[in-house]
Structure formats: structure tokens, C-alpha cells
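Read-outs throughout are calculated quantities, based only on the coordinates presented, and are distinct from any laboratory measurement. Here the structure is a predicted model, which means the values were calculated and not measured. Here the Cβ positions follow ideal geometry from the backbone for every residue, glycine too, while neighbour counts run over all protein chains shown.
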Amino acid sequence: MWARTSSCVLALLVLASGTETFELFSGLRRLRVPRLVSTLMMLTYKYILILGDELERMKTARRARGFKGGRGLLDRRGFRIISYTAGMVFVRASTRADNGYEGLRARGFRSDMKQMRTSRLKAGDFAFMAWFACLSSLLVILQLGVSQ
């Protein structure tokens, strides 16, 4: 089970890292995922990136002010600083996300936007699909052989 899960996660990571964000969500729309769902997924993905960026900024700010971490989980001062930081990360990320969305709307963003270019399958794509199908088949055969 671990091997099958790992191979699926690996395939998803290859797909997500090798495909532009807008193209990935455009592909979801071609697979008949509702527009609202794919748009929400795209904006959520962007918001998660903004959250990570704000978290890094706040970590840098804490380090610049001399905070090295609490002495333990029950350290009140450290816990208070971390909780204030978490709150500020969400506030700042929300503000940046609102500004980003307003920028998208000012540029004419709509949830039914069409992709500028169409993507075609290439030889490398077919090779990856064949490799993944062989790996998946091997894992299924191994699991069936081990369980009997």
C-alpha cells in the first residue's frame, strides 16, 4: 500500500511541478471539473503560496528582533509570540490576497477564461505514461502475489 501511495504522490508531484499553474487548472476544466471548483482550487493554491511567503517574512522579522524560539511547549512568552505571529501571517496574507484578487479583476479576470494556447502530448509525455503504467502494474502484481 505504501508503494502504491508513493507512486501516486510521485506522479502528482511530477505533473504539478512540470506544468504551469494556469495550464494545470485549464486541464482540469477540460476533464469536466466544474468552473467554480477549478477556480477555487487555483485561487486556493495562490493563497497557500502567499501564506508561505508571509510566514517566511514573519520568521525573518522575528529573528531580526532576536527571537530564537521558546524553551518548550509550556513557555508562555514563546507561545504568545508564536501565536501573535500566526495571527499576523493570516492578516497580512489575507490583505495581499485581496489586493491580488482586485488586481486580477482590474485586468479582466473571469472564471471562464480560456487558455491562450492549447497543449499537445509529446513523446516524453507518452513515455512517462507508459513508465507509470508499467510501475503501477508491477506494484499491483507484487501486492497480489504477496497477499496470496
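Brief remarks follow.
- A Förster radius of 35 Å combined with the Cβ-Cβ distance from Tyr101 to Asp75 puts the calculated FRET efficiency at roughly 0.40.
- Relative contact order of the chain, pairs being alpha-carbon contacts under 8 Å that are 6 or more residues apart, as %: 34
- Both numbers refer to the Cα atoms of the chain; Rg and Dmax are 21.9, 61 Å.
- Hydrophobic long helices, here whole DSSP H runs in the chain with Kyte-Doolittle means of at least 0.0 and Cα atoms spread over 30 Å or more along the helix axis, are found at 35-64, 123-147.
- For the range 1-70, dividing the convex hull volume of the Cα atoms by the residue count gives 155 Å³ per residue.
- Gaussian network model of the chain, springs between alpha carbon atoms under 10 Å - residue of Ser17, Ser26, Ser94 with greatest fluctuation: Ser17
- Under 15 Å from the Cα of Lys46 - aspartates and glutamates, other chains or at least 8 residues apart: Glu20, Glu23, Glu54, Asp98, Glu102
- Structure-based [θ]222 nm, the chain - -39500 (n - 2.57) summed over DSSP H runs of at least 4, per residue, nearest 500: -26500 deg cm²/dmol
- By the Cα gyration tensor, the range 34-117 has an equivalent ellipsoid whose semi-axes, rounded to whole angstrom, run 36, 13, 10 from largest to smallest.
- In loop segments of the range 36-70 as defined by DSSP, the trypsin sites (Lys or Arg not before Pro) with at most 12 further C-beta atoms inside 10 Å of their C-beta are Arg65, Lys68.
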